[in-house]
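What follows is a short report on a single structure.
The values are calculated or read from the model by the stated rules, or taken from the named source; none is laboratory data. Note that the structure is predicted; figures quoted are calculated from it, not measured. Cβ coordinates were reconstructed from backbone atoms using ideal geometry, including for glycine residues, and neighbour counts include every protein chain displayed.
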Amino acid sequence: MPLPGPSAPSPAVPAPPDHADGLSVWPASARLASHGDVEVGGVSLVEAASRFGTPVYLLDEAEVRERCRTYLRAFPDAEVVYAAKAFLCRALLHWVREEGLGLDVCSAGELELAVTTGFPPERMVLHGNAKSPQDLSAALRLGVGRIVIDSAWEIARLSALVPDGARQKVLVRVVPGVSAGSHAAIRTGTDDQKFGLSLTDGSARHAIARILDQPRLELVGLHCHIGSQITTVKPYLTALRRMVGLLAQIHHQYGIVLPELDLGGGHAVAYRPGETALDIPSLGARIRGELATSCAAAGIPVPRLAVEPGRALVGPAGVALYRVLAVKQTGDRVFVAVDGGMSDNPRPALYGVRYAPRLVGRRSTAGPRTATVVGRHCEAGDVLATDAQMPGDIRPGDLVAIPVAGAYHLSMASSYNAVGRPPVVAVHDGGARLLIRRESLADIKGRDIGL
Ligand code: LLP
């Protein structure tokens, strides 16, 4: 089958129209059960709430694994690297390793956690715009596969740490001058932000020249990551063409062929029914098609591709479950306050994103009303969902679930107001097992060691 060319329509697909069950953005295993309950991975949310308490995060193992497989099918021959910043725990590391993925880490902490869980270091890529001496020495000591150079300073600093007789494989993070991503805080493809080395002002080429002069560094390829929650394929194709242009320049100038091209992650998911997600099979086909065409036109061999999805692998596999503590009508606004909030999900406060919460565990016959679902923290910006459609009779004691909660919630969670971070429970084939326990007051007190 011929690969679609660059003029083919963008593969951003609207999420399927919501079915009568309203579960279109939930994990594929989600089912309506009796009395308004919902099952995920065969586990009742009502039972999970009573067994583990609330708030609690559920992670559907089969959904994560299936998403890994979708990537491997869409990018055969490529390295699919899970961006651990989206969410990291030891069980998840096992799942992605077993599925055959690599790992993107961006600190000595992520790196150590992964290595001590048995993740092969040579399958890891270390990122960071400001890697600390500890990050770099951990990477060298543990034998990380690739270190992504993000600034000119890093070249000499890293080189000085590489032991005699050794060579560290590196990539250069290039800013290709492509603007994409759902919010300014997560757009990283243009020169007005802190990551990478510019293609337009020559700093990427300058860094490449310096790396090639360092006998302890082995330049194996280029990297770019243009942003996050990107709903169309076009910016990836533009970035890809510019990266191939740079590979070709390197080839002509130095006579070397860089064997790797890492295009980063950023693939959008649908947070609410009807929103657009990036269609991964189609993304894969078009990227591979464009890569073959551009490399042929530039007269260079096709490099090995890598992609680094985070959100699209784990986001839709997670469900956050809260208990309603208070309902308040203020003027014409209804506030539904739950027992979590910005300490477990700072995303609405940071990026203004919207979710589709749902009453669970009770069937309501009351009509819907528009409500703001808020958290329990001491600030007005502690909002989980604006303009949420909740049953008119929502009341304290009810359970509220928020789907698509698997990425950048708990990895960005805090202990604000000494509330303690929620537990994470894996659900699979009707079984539920605790992966991360709830953060207790004892945990919080344990770090407070001075008077
Ligand atoms: N590769 C690199 C170098 C990255 O910096 C990132 C994300 C990824 C891959 C994975 O991107 P993803 O596929 O997950 O979009 N906290 C924000 C997202 C920050 C993304 C940071 N870098 C949010 O909650 O939307």
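Counting only residues that are within 14 Å of the ligand (Cβ to nearest atom) and either closer than 20 Å to Leu237 by Cβ or among the hydrophobic types (A, V, I, L, M, F, W, C) (or both), the stretch 263-283 holds 12 of them.
Here's the yes/no breakdown for (1) small (Gly, Ala, Ser); (2) in contact with a Pro (Cβ under 7 Å, 6 or more places away or on another chain):
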| position | (1), (2) |
| --- | --- |
| Trp26 | no, yes |
| Glu39 | no, no |
| Gly42 | yes, no |
| Arg51 | no, no |
| Val56 | no, yes |
| Asp60 | no, yes |
| Glu66 | no, no |
| Leu72 | no, no |
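When Val307, Val360, Val314 are screened for being crowded, with 16+ Cβ neighbours inside 10 Å, touching a helix residue (DSSP H, G or I) at 6+ places or on another chain (Cβ under 6 Å) and closer than 25 Å to Arg67 by Cα, only Val314 passes.
For first residues located in the stretch 419-440 and free of Cβ contacts under 8 Å to residues at least 40 places away in the same chain, partners that are of a type in the set (Val, Ile, Thr) and part of a loop (DSSP other than H, G, I, E, B) and lie 6+ apart or on another chain with Cβ distances below 9 Å form the pairs Glu439/Val419. One residue alone among Leu451, Leu434, Leu399, Leu441 is modelled with pLDDT under 95 and not acidic (Asp, Glu), and that residue is Leu451. Is there a residue being in contact (Cβ under 8 Å) with a residue 24 or more places away in the chain, crowded, with 17+ Cβ neighbours inside 10 Å, among the β-branched types (Val, Ile, Thr) and not in a strand (DSSP E or B) anywhere in the stretch 118-135? Checked the stretch 118-135: no residue is in contact (Cβ under 8 Å) with a residue 24 or more places away in the chain, crowded, with 17+ Cβ neighbours inside 10 Å, among the β-branched types (Val, Ile, Thr) and not in a strand (DSSP E or B). From the list Arg362, Arg347, Arg358, the lone residue that is charged (D, E, K, R), within 16 Å of the ligand (Cβ to nearest atom) and at pLDDT 95 or above is Arg347. Kindly evaluate Leu237 against the criterion of being away from the ligand (no atom under 16 Å from the Cβ), in the same structural domain as Val419 (by TED's automatic domain parsing), under 30 Å from Arg97 (Cα atoms) and of a type outside the set (Ser, Thr, Tyr). When the stated conditions are applied, Leu237 does not pass them. Screening the stretch 212-248 for residues that are over 26 Å from Glu290 (Cα atoms) and in contact with a helix residue (DSSP H, G or I) (Cβ under 6 Å, 6 or more places away or on another chain) and picking the one that is surrounded by the most Cβ atoms within 10 Å (Cβ to Cβ) gives Leu217. In the stretch 381-414, of all residues being within 21 Å of the chain's Cα centre (by Cα) and assigned to a loop (DSSP other than H, G, I, E, B), the one that is farthest from Asp344 (Cα to Cα) corresponds to Val404.
Quick check: anything in the stretch 403-411 farther than 30 Å from Arg363 by Cα and either modelled with pLDDT of 95 or more or of a type in the set (Asp, Glu) (or both)? Yes, the stretch 403-411 has at least one match.
Of the residues making up the stretch 182-208, those that are surrounded by 15 or more Cβ atoms within 10 Å (Cβ to Cβ) and in a helix (DSSP H, G or I) are Ile186, Ser203, Ala204, Arg205, Ala207, Ile208. Number of residues in the stretch 367-386 that are surrounded by fewer than 12 Cβ atoms within 10 Å (Cβ to Cβ) and either without any contact (Cβ under 8 Å) to a residue 12 or more places away in the chain or over 12 Å from Gly341 (Cβ atoms) (or both): the value is 2. Restricting the first member to the stretch 221-246 and to residues that are within 23 Å of Lys169 (Cβ to Cβ), and the second to residues that are acidic (Asp, Glu) and surrounded by 23 or more Cβ atoms within 10 Å (Cβ to Cβ), the beta-carbon pairs closer than 8 Å and six or more apart or on different chains are Gly221/Asp262; Leu222/Asp262; His223/Asp262; Cys224/Asp262; His225/Glu308.
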